[in-house]
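The values are calculated or read from the model by the stated rules, or taken from the named source; none is laboratory data. Bear in mind that the values here come from a model prediction, so they are computed numbers and not experimental data. All Cβ positions, even for glycine, are placed from backbone atoms using ideal geometry, and neighbour counts span all protein chains on display. Areas reflect the complete protein model, heavy atoms only, side chains present, ligands, DNA and RNA absent. Shrake-Rupley method; radii C 1.70, N 1.55, O 1.52, S 1.80 Å.
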Amino acid sequence: MLDKKPGAIVVGGGPAALTAAIALAAGGVDTVLVGKRPAAQDNRTTALLAGSVTALTTLGVWDLCAAQAAPLRLMRIVDDTGRLWRAPEVKFDALEIGLEAFGHNIENRHLVAALDRRARNLAGLRIVEDEVSMVTPDERSASVVLRNGETLEAQLVVGADGRRSLCRDAAGIAFDQHDYPQVALTVCLKHARSHHDTSTEFHTPSGPFTLVPLPGNRSSLVWVLDPTDADDLAALDDHSLSDEIERAAHSILGKIEVEAGRGVFPLTRASVKRFAANRVALVGEAAHVIPPIGAQGLNLGLRDAATIGELAVTAHRTGRDIGGINVLVAYDKMRRADVGSRTVAVDLLNRSLLSDFLPVQGARGLGLYAIDRIGPLRRMLMREGVAPRAAQPKLMRGETL
Ligand SMILES: Cc1cc2nc3c(=O)[nH]c(=O)nc-3n(C[C@H](O)[C@H](O)[C@H](O)COP(=O)(O)OP(=O)(O)OC[C@H]3O[C@@H](n4cnc5c(N)ncnc54)[C@H](O)[C@@H]3O)c2cc1C
């Protein structure tokens, strides 16, 4: 048995950090969450796939925000490239794989509020709203210095401090980053017609234009564009922007009215060489960033949080060092295939849209044609998208830690 040592310190104030902290504390690990609140309100939404919803339900979070989420029962991909090799429209229906819905879409502010409420009600979880200024790992523990001058010590540091992660640097983990010549314009909208719980992704030559249902006659839009076009659109008044969106959506939702709050996000792909080292395990965007195509980013982040939670809680219960080499190596191994395969798939899909090379366009069209026509292939892709075989931590299966 180990002598009495502190448990875990989770660094970050976003959804990945909150989920990791709740998972650890709910499993009995004494945890401190040190988070700096984001400067601006996050007006984005997150399409949470079924496994993520199961994990949040198991952690006692989902009941606190389910009323603000809309189910995603049908997903459509429409080729709007206007190119010679155009793909047929592909429809994915959750019922085909025996699910009521692929997942639920929710505004980030509601999701984070629910996570925050749950975190504040957990015994064994201390929350410090501050910034971490230094992390120093050593053989037996890691020390974490806060801006307020306090120094904390723990066996394990979970770095969920976003893409410019200080924890990642402290652990000496390299980060490879690639910027795409695209940005995502985001806005929530009201519309005249029902979305029928259907998410529609128009594939355009600049990237996907994706409408995702919100409760009622509302949807969120992620519009991937050339940066200059995005700046022009973002500068429009509400009325003109609504008209442009309605035109790009081919009026499938009728009259559009944009709501307050727009965002413009540069598209980036980045990943770490290792997911953990030197008493630091990285989760969420501290470990990987992928373009907002196919709703993968935070779903991966929640699987990171569930995995490190499971490994650390198991080590804690058997009296092992929760930030020791065995936990860190297992975590690195368990996250590699899931994050790697999704990063490659999203990258290929995005590049195939941007490519002017006819054979690449043809291959993309052929791939979508095969998915449309071959039922078992389509169902396999749907199952893999919702619940990847390579990454099914306990929480995603509805088991408590
Ligand atoms: C347009 C767009 C749409 C998206 N849609 C989806 C979707 O539908 N589905 C999906 O799964 N994903 C989606 N994503 C991805 C998703 O938004 C991100 O994966 C997610 O927000 C990352 O959360 P995080 O907690 O890892 O990082 P962040 O939200 O960046 O949180 C990092 C936190 O750490 C804090 N912090 C930083 N440094 C310190 C420090 N030194 N000390 C203390 N705190 C610190 C920051 O203040 C911040 O609060 C989308 C992304 C974009 C850009």
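Every residue, every condition in (1) open to solvent by 20 Å² or more (accessible area, probe 1.4 Å); (2) within 30 Å of Leu72 (Cβ to Cβ), yes or no:
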| position | (1), (2) |
| --- | --- |
| Glu100 | yes, yes |
| Ala113 | yes, yes |
| Arg118 | yes, yes |
| Ala123 | yes, no |
| Asp130 | yes, no |
| Val144 | no, no |
| Thr151 | yes, no |
| Val157 | no, no |
| Arg163 | yes, yes |
**OP:** Starting from residues that are of a type outside the set (Ser, Thr, Tyr) and open to solvent by 60 Å² or more (accessible area, probe 1.4 Å), keep the ones in the stretch 132-142 and report whichever is nearest to Ile322 (Cα to Cα).
**Re:** Arg140
Original post:
List the pairs whose first member sits in the stretch 149-177 and is free of Cβ contacts under 8 Å to residues at least 60 places away in the same chain, whose second member is away from the ligand (no atom under 11 Å from the Cβ) and open to solvent by less than 50 Å² (accessible area, probe 1.4 Å), and whose Cβ atoms are under 8 Å apart, counting only residues at least 6 apart or on separate chains?
Top reply: Thr151/Ser143
**OP:** Collect the residues in the stretch 347-388 that are open to solvent by 60 Å² or more (accessible area, probe 1.4 Å), part of a loop (DSSP other than H, G, I, E, B) and at pLDDT 75 or above, keeping them in residue-number order.
**Re:** Ile374
Original post:
Quick check, is Asp197 in contact with a strand residue (DSSP E or B) (Cβ under 8 Å, 6 or more places away or on another chain), at pLDDT below 95, of a type in the set (D, E, K, R) and surrounded by fewer than 21 Cβ atoms within 10 Å (Cβ to Cβ)?
Top reply: no
**OP:** Give the number of residues within the stretch 307-321 that are outside any helix (DSSP H, G or I) and either under 16 Å from Lys394 (Cβ atoms) or open to solvent by 70 Å² or more (accessible area, probe 1.4 Å) (or both).
**Re:** 2
Original post:
Among the residues of the stretch 272-286, how many are more than 8 Å from the ligand (Cβ to nearest atom), within 17 Å of Met334 (Cβ to Cβ) and crowded, with 24+ Cβ neighbours inside 10 Å?
Top reply: 5
**OP:** Among what's in the stretch 10-50 and is assigned to a helix (DSSP H, G or I) and within 10 Å of the ligand (Cβ to nearest atom), pick the residue that is nearest to Gly263 (Cα to Cα).
**Re:** Pro15
Original post:
Which ones in the stretch 155-186 are small (Gly, Ala, Ser), under 18 Å from Gly12 (Cβ atoms) and either touching a Lys or Arg at 6+ places or on another chain (Cβ under 7 Å) or in a strand (DSSP E or B) (or both)?
Top reply: Gly159
**OP:** Scan the stretch 62-71 and give yes if some residue there is open to solvent by less than 20 Å² (accessible area, probe 1.4 Å), in contact (Cβ under 8 Å) with a residue 40 or more places away in the chain and in a loop (DSSP other than H, G, I, E, B), otherwise no.
**Re:** yes
Original post:
So which residues in the stretch 171-187 are surrounded by fewer than 22 Cβ atoms within 10 Å (Cβ to Cβ), within 14 Å of the ligand (Cβ to nearest atom) and under 29 Å from Val313 (Cα atoms), if there are any at all?
Top reply: Phe175
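In the stretch 310-320, is there at least one residue being within 16 Å of the ligand (Cβ to nearest atom) and either at pLDDT 95 or above or on the phi > 0 side of the Ramachandran plot (or both)? Let's see the steps before the verdict.
First, the residues of the stretch 310-320 that are within 16 Å of the ligand (Cβ to nearest atom): none.
So far as the stretch 310-320 goes, no, none of its residues is within 16 Å of the ligand (Cβ to nearest atom) and either at pLDDT 95 or above or on the phi > 0 side of the Ramachandran plot (or both).
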